[in-house]
Amino acid sequence: MNKPIGNGLEPIIAQAIEEIKQEQGKSFDLSKINLAELQRRTGISRAKLRRLKENGFVAKPHGLTGHTAAATVLSGYTGMLDSLLRQGVQNSAVCFRRLQEAGYRGSQTSVKRYIRSHKDLVPAKRQLVAPQGSRGFRYNTGPGQVYQMDWGFTKVHDYIGGTYNAACFAMICHHCGERYVEFFPNAKQENLFIGMLHAFEYMGVPQTVLTDNMRSVVNGRDLEGHPLWNKDYEAFMAAVGFQTKLCKPRHPFTKGKVERLVRFVKDNFLVGRTFWNVTDLNQAVLEWCNEQNGVYHKAIDCVPQQVHFTSCREHLSTLPVNTTIQSYDGFVNYEGRRFGVPYHYAQSMARVMRSKDTLYIYSLDLKRLLVTHEVTWSYRDRFCQDQYVDQPEEFPTAPVQTSIRQLEPPKANISFHKFDFDKEVDWDDD
């Protein structure tokens, strides 16, 4: 078969013209070609063929090629995108989610296209040395065998102009990548226990938890390198029913999955995040965890939630429900609110009495008054002065770069304002 004729002709049209030319022979005339027959052979509408015939069947670009519409699906949202880009946020998934919260109804592809064409807004990163690449060796574990846990930290700029650090507890299943994240006012041992219990409720109890040498877990090592467990943590392990494995000192690659999770929380969830209180923040991060656990992850080639509930669940145990486990919470529940109990009170139950606007917490035998709390309309956890006395606490080992903003609590409904006997107190009272 002969080569299609003409430069710039669409291949299907050139082929059809060549076939007609071979059939008609010397009587073929391109200016008198039958458009109905050409339409039958190519499937192209006669109107388009008529326009092409005027140009000698040479396909030319559309007259509006390169022009953009005055109003697009991103109109009205470019200012928000520019602001995120100037903050160094160029993750299209993060930007797309922020725009959706603001009412954006377009696709993520439009956001990607805009970010790609506005890279000049992103501040340049300073790089002191050339990257060397990862030198860690990736290993795998069986279903339900190992969880990894760690702390992360973020700066909080509150609505009165102050700044403080909030702690982020993270736990991830080493086999499937199922994750759980929770925020606390600090990284003390009490909050470590609460975070672990909540993670075990969410994911199940594994055989082993992998962590670094934090003070809440281990006091040191003996001459043979065996860990000297913190007595409270050792009792917690026995009560829940799991083992702990420590990472090698100065070897961060051992628990790289949870390290990467903490970084992902900072780069994805915390970017541009605002919140009212710790309850609001933890509700948002739980929804984020549910979303991330339910989507496909290329690095592990699976949907974590599906693998966790099909494979890992068979090898996980259920968190025991008894007074010993409940005592690690450090709070008593009254009228849907949680009130702190001093750390020195070792029993798992206490007596509570309310008189007007004051809550009295007594020992179980009613011989000691442990603490009093003011009862307000707030649903925040109420901490007491000695709730975290003499507890080990973790602190950032590097400067905290991530920051979020705490908003002023919304004003109460005016019809209930007369019942607001006390304004909400800061959740970082300890």
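Values quoted throughout were computed directly from the atomic coordinates according to the rules given, and no laboratory measurement underlies them. This one's a predicted model, so the numbers in the text were calculated from it and none came from an experiment. Neighbour counts run over all protein chains shown; Cβ positions are idealised from the backbone, glycine included.
With a/c under 1.5 counting as rounded, go ahead and sort segment 154-240 into rounded, prolate or oblate using the C-alpha gyration tensor (a ≥ b ≥ c being the square roots of the eigenvalues; past the cut-off, prolate if a/b is larger than b/c, else oblate). It is oblate, given that a/c is not under 1.5 and a/b is not larger than b/c. Distance cut-off 29 Å, Cα to Cα: go down the list 188/298; 155/257; 188/248; 32/60; 119/266 and report the pairs above it. Among 188/298; 155/257; 188/248; 32/60; 119/266, the Cα-Cα distance tops 29 Å for 188/298. Remark: segment 276-281, residue by residue, has Karplus-estimated 3J(HN,Hα) of 9, 8, 5, 5, 4, 5 Hz, where x stands for each Gly or Pro and the curve is 6.51 cos²θ - 1.76 cosθ + 1.60 at θ = phi - 60°. Counting neighbouring Cβ atoms within 10 Å and putting the fewest first, the residues 281, 316, 366, 74 line up as 366, 74, 316, 281. When each of 147, 296 is scored by the number of other beta-carbon atoms lying within 10 Å, the sequence from fewest to most is 296, 147. Rounded to the nearest whole Hz, the Karplus-based 3J(HN,Hα) values (6.51 cos²θ - 1.76 cosθ + 1.60, θ = phi - 60°) of segment 306-311 follow the sequence 5, 5, 5, 7, 9, 9, with x at glycine and proline. Once you sort the root eigenvalues of the Cα gyration tensor of segment 146-315 as a ≥ b ≥ c, which label holds: rounded (a/c under 1.5), prolate (a/b larger than b/c) or oblate (the other case)? Oblate shape, in that a/c is at least 1.5 and b/c is the bigger or equal ratio. Within a straight-line Cα-Cα reach of under 24 Å, residue 26 can be paired with the following lysines, leaving aside sequence neighbours fewer than 8 residues apart in one chain: 3, 53.
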